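Bear in mind these aren't lab numbers, they're just calculated from the coordinates by the rules spelled out. Since this is a predicted model, take the numbers as computed values, not measurements. Don't worry about glycine lacking a Cβ; one is built from the backbone with ideal geometry, like all the others, and counts go over all protein chains shown.
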Amino acid sequence: MAQPITIVVADDDLSLTRLLKLNLESNRVHVIEARSGMDCIKVVQGSDVDLVLLDLRLPDFNGWGVLGLLRFTDSLKHIPVIVASSDPPNRKFIEFLKPDYYVQKPFDIREFISRVRLVLELGAGHAPGVA
């Protein structure tokens, strides 16, 4: 039997986290919540994670910092990352840190879940980029 997919939702917006968790769990995905950048890093370092959904405006350690740590740590760089932010895309950061997908909030949840599936299928470094 295949192991369930595990996704970390790193966002301090509780209502969005609940919406994502509800939709992902209905697709048989195990969701781990992280409310800050440091929580996200601790979870990713201590768990077998298939994907990180990352907000940029996290308390204590912003999403770009988390993404940088994930991208430049050999044991973590294989993990695909979808960045979701209310900020417009910063092309310099995107080109340097290469999130697998960047989506601007607010987003359509069905479209977002389809992007999650696509990124999981393609793996880190192979997804389409920016929405």
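Would you confirm whether or not the range 78-93 contains a residue that is under 28 Å from Gln3 (Cβ atoms), out of contact with any strand residue (DSSP E or B) (no Cβ under 9 Å at 6 or more places or on another chain), surrounded by 15 or more Cβ atoms within 10 Å (Cβ to Cβ) and not charged (D, E, K, R)?
No - not one qualifying residue is present in the range 78-93.
Scan the range 20-50 for residues that are in contact with a helix residue (DSSP H, G or I) (Cβ under 9 Å, 6 or more places away or on another chain), of a type in the set (Gly, Ala, Ser) and under 15 Å from Thr6 (Cβ atoms) and report the count.
1
Could you please let me know if Val31 is of a type in the set (Val, Ile, Thr), touching a Ser or Thr at 6+ places or on another chain (Cβ under 9 Å) and buried (at least 16 other Cβ atoms within 10 Å of the Cβ)?
When the stated conditions are applied, Val31 passes them.
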